[in-house]
Structures are given as structure tokens and as C-alpha cells.
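*Asks:* Starting off with a structure, shown below.
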Amino acid sequence: MFNSTLQPAKRPRVLGLYRNVGASTGVEGASPHKLVDMLYEAVSGEIAAARGALQRRNVAEKGRAISHAVRILEEGLMAPLDLEAGGAIATNLRDIYQYMVYRLTMGNLHSDDAALAECASLVRTLSESWTAIAPQVDLPAQAAA
């Protein structure tokens, strides 16, 4: 029923479509807490891709991955922060995200793996902390449903 071998020229395009469907499906039913978790996963993946590209000396892929990570930080994580209602936590998150954007940009400019590794560590810490509060966030949401 399905052709298991794709022509090499069509393979990247088709695989991209599958990834988009998977991402869309995951986003549609996700809670706001899960959406942030997904953004952390995406940033982490892009930083890992950038580090791999840096090791392979693939400048174009490194730049693409870092640009995407920066975009996720700025548009997906930083832009929705409510600095008034979120108080010090929102301000601190904004500052961390801005610092990561700076370090990623410098890491890209200078091909500095240490800067990328630092950002990977920061994202990991944020993600672990975010995951740890999930039970507290999900309980009120489940009670309201």
C-alpha cells in the first residue's frame, strides 16, 4: 500500500511534512504548560543541532539551528511573558532568555561551542524546573475540567 523507498530528492520534503503533522497534532491538544515544555524541547534540539553542525564545520546548518533557537526564545518564550502579572519570576525568565539569545548569537558569530553548551545547560535546568512544577499546574486545570 505504501512505498517504503522514497526518491532521494523527495525524502527531505516528505519527512518534513510528517514532522509538521506530528508537531501540529501535539500542539492542538496541549495545555499551556505543555506548550512551554515543547518550546524548551525545541530550543534544546536546535542547540544540539547547532553543536553538531559546529563539530562538522557546517556553517549553514549551524546558523539555521541557532537562528531557529533564537526565534523560539524571542517569539515563543519571551514575547508572551506578562511582566506585570508575572512579577519577579517573569522578569527573571525574560533576563535569562535575553542572555541566552546573546550567548547563542555570540556562539554563532565566533563558532564558540562553550557558549552553545552553556545555553544547552540553561535550557536543561529551565526544562527540568518546568517539568517539576507540572503536578501543581495540572491539578487546578484538571479540577476545573
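The values are calculated or read from the model by the stated rules, or taken from the named source; none is laboratory data. Because the structure is a prediction, the values reported are computed rather than measured. As a convention, Cβ positions derive from the backbone with ideal geometry for all residues, glycine included, and neighbour counts pool all protein chains shown. Calculation scope for accessible area: heavy atoms of the full protein, side chains included, ligands and nucleic acids excluded. Shrake-Rupley method; radii C 1.70, N 1.55, O 1.52, S 1.80 Å.
*Asks:* Keeping every protein chain present and rolling a 1.4 Å probe, give me the accessible area per residue for region 80-134 in Å².
*Replies:* With the other protein chains kept in place, region 80-134 gives 57 Å² per residue.
*Asks:* Hey, another quick one. If Lys and Arg each add +1 and Asp and Glu each add -1, what is the summed charge of the other residues whose beta carbon sits under 13 Å from the beta carbon of L122?
*Replies:* Value of the local net charge: -1.
*Asks:* Follow-up. Residue by residue, what Karplus-based ³J(HN,Hα) values in Hz, rounded to whole numbers, does region 81-94 have, using 6.51, -1.76 and 1.60 with θ = phi - 60° and x for Gly and Pro?
*Replies:* After applying 6.51 cos²θ - 1.76 cosθ + 1.60, I find 4, 9, 5, 6, 6, x, x, 5, 5, 5, 5, 5, 4, 4 Hz.
*Asks:* Please give the charge dipole size of region 59-129, origin at the Cα centre, charges +1 on K and R Cβ atoms and -1 on D and E Cβ atoms. Round to the nearest 20 debye.
*Replies:* Taking the Cα centre of region 59-129 as origin, the dipole is about 180 debye.
*Asks:* Sort 29-42, 75-88 for me by packing, meaning the mean count of neighbouring Cβ atoms within 10 Å per residue, highest on top.
*Replies:* Descending packing order for the listed peptides: 29-42, 75-88.
*Asks:* Applying a 10 Å radius around every beta-carbon, put 53-64, 107-118 in order of their mean neighbour count, most first.
*Replies:* By packing density, highest mean first, the sequence is 107-118, 53-64.
*Asks:* Hey, any idea what % of region 31-111's accessible area is carbon plus sulfur with a 1.4 Å probe?
*Replies:* 56
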